[in-house]
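Below you'll find the structure, written out as structure tokens, and then a few comments.
The values are calculated or read from the model by the stated rules, or taken from the named source; none is laboratory data. None of these values were measured; they are calculated from a predicted model. Cβ sites come from the backbone with ideal geometry, for glycine too, and all protein chains shown count toward neighbours. These area figures cover heavy atoms from the full protein model, side chains too; ligands, DNA and RNA do not enter into them. Shrake-Rupley method; radii C 1.70, N 1.55, O 1.52, S 1.80 Å.
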Amino acid sequence: MTLFRLDASIRAEGSASREIADIVEREWLAAHPGDAVQRRHIGVDVLPADAWAHAVSAGYVQAEDRTAAQAAAVELATTLTDELVDADAVLLAVPLYNWGVSQHIKVWFDLIMTDPRVREPEPLLQGKAVVLATVRGGGYAPGTPKHGWDHSTPYLRRMLGDLWGADLTVVERELTLADVNPAMEPLRPLAAQMHAEALDAALAVGKAFGLAPVPETSRA
Ligand SMILES: Cc1cc2nc3c(=O)[nH]c(=O)nc-3n(C[C@H](O)[C@H](O)[C@H](O)COP(=O)(O)O)c2cc1C
């Protein structure tokens, strides 16, 4: 069995999304001792920003006529797609940046969307257990000024769940900046509560994730 883990935080230390994903991964490994974890940290080892355009244009020429850049982009898209479809389960840790998804994760989605497998009748992740850990520095609850400004989580749900057919579970945490932003000082008790709740949720989701059946239709 293989777990594929994708991290999109631009930092490796002190990352709230990694903290949640670490718990989920730990619970997966507890249920599947000795399993392999295939990792990709696109926030740090970034994908080339121009690869997507090369992969798209490669689709309009014969394989033997592709430029070196087009061939490399197609190979990268194939590798990224292989990592997803070959895994028995998938774990993603994706923060909110500038009220949307970072270019790092967008190019990951865009490259996979150039792979011919996304056009097969069966969705790419049909029935596959996928956990998304997502974190936000601010607060977006109904009634707050920025309610509706998180344009990342709906996009991620749309792509992973609706388009690719994953059996998606989302663990969220807000107010991650409360401890470092003086203006958020009054929110610190609420932030601490949200932190604790997110870690509890990660534990419960991780346990269920470890028990998730591998779909019969898995392409792995
Ligand atoms: C460049 C940058 C832009 C950010 N933009 C937002 C934002 O639009 N909304 C928000 O709530 N938090 C924003 N944040 C805060 C992050 O979502 C928060 O720090 C989160 O915890 C980062 O994920 P990590 O802890 O896994 O690294 C931003 C952080 C950075 C560094």
Worksheet item: Using a ≥ b ≥ c from the Cα gyration tensor of segment 148-220 (square roots of the eigenvalues), is it rounded, prolate or oblate, where a/c under 1.5 gives rounded and otherwise the larger of a/b and b/c decides, a/b for prolate?
Response: oblate
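Determine, from the Cβ-Cβ distance of residue 72 and residue 10 and an R0 of 25 Å, the FRET efficiency 1/(1 + (r/R0)^6), rounded to the nearest 0.05. Please list the in-between numbers first.
Numbers: r = 24 Å, r/R0 = 0.96.
My answer for the efficiency is 0.55.
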Worksheet item: Using a 1.4 Å probe, what is the accessible area per residue for segment 133-220, in Å²?
Response: 55 Å²
Response to the item:
If the chain between residue 196 and residue 64 were fully extended at 0.36 nm per residue, the gain over the current Cα-Cα distance would be 42.0 nm
Item to complete: For the chain, return all DSSP H helices satisfying: extent of Cα atoms along own axis at least 27 Å; mean Kyte-Doolittle hydropathy at least -0.5.
Response: 188-211
Worksheet item: In the chain, carbon and sulfur make up what percent of the accessible area (probe 1.4 Å)?
Response: 56 percent
Worksheet, complete the sentence: Most fluctuating of 77, 198, 30 in the GNM of the chain (C-alpha, under 10 Å) is 30
Practice prompt. Quote the charge dipole size of segment 1-130 about the Cα centre in Debye, to the nearest 20; the model charges only the Cβ of Lys and Arg (+1) and of Asp and Glu (-1).
Written response: 280 debye
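Taking every DSSP beta bridge that has both residues in the chain, what percent is antiparallel when rounded to the nearest 5? Walk me through the intermediate numbers first.
On the way: 1 of 26 bridges.
Looking only at bridges with both residues in the chain, the antiparallel portion is about 5 percent.
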Practice prompt. Work out, step by step, the length gained on full extension between residue 38 and residue 162: first 0.36 nm times the residue separation, then minus their alpha carbon distance; give nm to one decimal.
Written response: 42.2 nm
Practice prompt. Starting at the first residue of segment 34-39, write each ³J(HN,Hα) from the Karplus equation 6.51 cos²θ - 1.76 cosθ + 1.60 with θ = phi - 60°, in whole Hz, x for Gly and Pro.
Written response: x, 5, 8, 10, 8, 10
Worksheet item: With each run of n ≥ 4 DSSP H residues scored as -39500 (n - 2.57), what mean residue ellipticity at 222 nm is computed for the chain after dividing by its residue count and rounding to the nearest 500 deg cm²/dmol?
Response: -12000 deg cm²/dmol
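Exactly which GluC sites (Glu not before Pro) in segment 149-220 are in a DSSP loop and have at most 11 other Cβ atoms within 10 Å? Before the final figure, lay out each step's value.
On the way: sites: 172, 174, 197, 216; in loops: 174, 216.
Here the sparse-neighbourhood loop sites are 216.
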Fill in: Reachable lysines, given that their alpha-carbon falls under 26 Å from the alpha-carbon of residue 128 and they are not under 8 places away in the same chain
106, 207
